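*Asks:* Below is one structure. I have some questions about it.
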Amino acid sequence: MLRLARFKATDRVLLIICLMYLVTYIDRVNIGTAAPAMQKELGLTNFELGLAFSAFAYPYAFFQIAGGWLGDRLGPRMTLLICGAIWSAATVAIGFVEGAVSLVIARFVLGIGEGSAFPTATRALANWMAADRRGFAQGITHAFARLGNALTPPLIAFLIVALSWRDSFIIVGIISFAWVALWFWYFRDDPRDHKHVTPEEIAVLPTVKIAGERKAVPWRRLLKRMLPVTLTDFCYGWTLWLFLNWIPSYFLHQYQLDIKKSAIFASGVFFAGVVGDTVGGVVSDRILRKTGSVSKARVSVIVVGFLGAFLFMLPVLFVTDLVTITLCLSGAFFFAELIVAPIWAVPMDIAPQHSGTASGFMNFGFGLAGMISPVVFGAVIDATGRWDLPFVASLGLLLLGAVLALRMRPDEPFLDDVAEDRPPVVTGPAAVRPQA
C-alpha cells in the first residue's frame, strides 16, 4: 500500500506549478472559443477582434525579462502572488467588457500578468528541483500547458452553453484566484524554510540565495551569455505559434472540414505535443544521470527535436491525404515539443542564481516570434490563398534552430562577480547534483 508520505514536498510544489501552467493557458486561449459569441454581442469587427488577440502578445514578450528579474529580486512566492492577482483580475474583467477598447485593455493587462509567470516558475524550480530532475520538471509543467490548450475549447463551450460567455471568464478567473491563494499558502522561496521538506530532499537540492540576499543582475554579460538560447527559442516559438494559431483553420480551409471535425483533427495533433513535452524532459534527465554531461542531456534532445519536426513537417508541402497529413503534423508537433523541457532547463543550468532573468531573456525569443509570425502567416495566406505555405518558413527556422542549439553551451555555467555565487561546473556523473 502506497503511503501518502511518498508524495514529498518537492512533488507537491511541482504539482502546484503544473496547475499554474494549466490555468494560465486556459486564461490566455479561452478567448478563441468565446470569440464568436463576444463578437456578436459587442458588435466587434474582425480587425477589432484581431487587436484583442494580439494585445496579449506584446506585454507578454516584454514582461518575460522584467518578470524574470522581479522573480529573482522579490522571490517567486511574492512575484507570483502579485502577477497571479493581475492575470486573475484581468480574466474576470473580460467578463465585464463593453466594447473593443475595454477588451483590448483587459487582454493587455492579462499579458502583463502572465508574462512574468513562466520565468518566475523557472526560478522556483531552480530552488526546488535537483539538477537531474529539471528536465522532467520543465517537461511535465509544459505538458500541463498543452493540456490546458486542449481542454479549453470544450470547457469554455460548455460554460457558454450552460451560462454565458461572460460567466465563462468570471468562473475561470475565480479559479485562477484560487490557485494564487494555494500558491501563497504552500510555497516558500527557500525549501529549507518549508516545514514539510525532509532532510533527504534538502540533501539533493542546490544551495541558493533568495530575495534580498541576491546580488545585482549583471545584465550585459547575462544577455550575451543567453543570446544563443534566445535565438534558439525564437526558432522553436515560430513553429509553436504556427500550430496554436493556424492548425484548426488549416484543417478547416485546406480540407473543407466543418468546425467539429477540424477541432477533432487539431486536438489529435495537440495531444502529440502533450506527450512530447513529457518525453523530452524524461529523456533529457536520463541522459544527464547516465553521462553526467549537461550538454549532451540538453543540446542533443533539442537538436533531435528540431530535426525530427523538420522531417515530419516536410510532407505537408507535397502530400494531400488528410490522414497522412494529420499523422505527419502530429509527429512534427511531438518532436517540436521535445525541445521544451531541455531548453527551459538550460537557464537553470547556466545561471541558477539568476534563472528567472535568464529564462526571461530566453522566452523573449518565444514572445517575439508570437508578435511576428501571426502577421506573416496571415499576409501569406491572404496573398496566395494557400494554407500550406506558412509551413515553409517554419521548415527553414527548424533547421536554423538545430544549428543555433549547438552554441548554447549549458555545460559552461555563468560565473557571477562574487565567487560565492558561482555555480559548479558539471564535468561528470558525480557533479550532477549542484553544491554550494
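The values are calculated or read from the model by the stated rules, or taken from the named source; none is laboratory data. Quick caveat, the model's predicted, so the values are computed rather than measured. Every residue, glycine as well, gets a Cβ built from its backbone with ideal geometry; the counts of neighbours run over all protein chains shown. The accessibility values were calculated without ligands, DNA or RNA, using every heavy atom of the protein model including side chains. Shrake-Rupley method; radii C 1.70, N 1.55, O 1.52, S 1.80 Å.
*Asks:* Return the carbon/sulfur percentage of the accessible area of the range 257-401, one whole number, probe 1.4 Å, all protein chains in place.
*Replies:* That share works out to 75 percent.
*Asks:* While we're here: Percent of Cα-Cα pairs more than 25 Å apart in the range 1-152, please.
*Replies:* Roughly 34 percent, once rounded to a whole number.
*Asks:* Right, something else. Residues of the range 73-210: accessible area per residue at 1.4 Å, in Å²?
*Replies:* Here the per-residue accessible area is 36 Å².
*Asks:* Taking R0 as 22 Å, what FRET efficiency do you get between THR45 and SER102 from their Cβ-Cβ distance, rounded to the nearest 0.05?
*Replies:* Once rounded, the FRET efficiency stands at 0.90.
*Asks:* Ignoring ligands, DNA and RNA, what percent of the 1.4 Å accessible area of the range 133-190 is carbon and sulfur?
*Replies:* After summing per-atom areas, the C and S share lands at 81 percent.
*Asks:* Also, quick follow-up: Where the centroid of each part is defined by its Cα atoms, how far is the range 284-327 from the range 334-372 in Å?
*Replies:* 17
*Asks:* Rounded to the nearest whole Å², what accessible area per residue is found for the range 318-358 with the 1.4 Å probe?
*Replies:* 24
*Asks:* In whole Å and largest first, what semi-axes does the C-alpha gyration tensor of the range 268-410 yield when each eigenvalue is scaled by 5 and square-rooted?
*Replies:* 29, 18, 12
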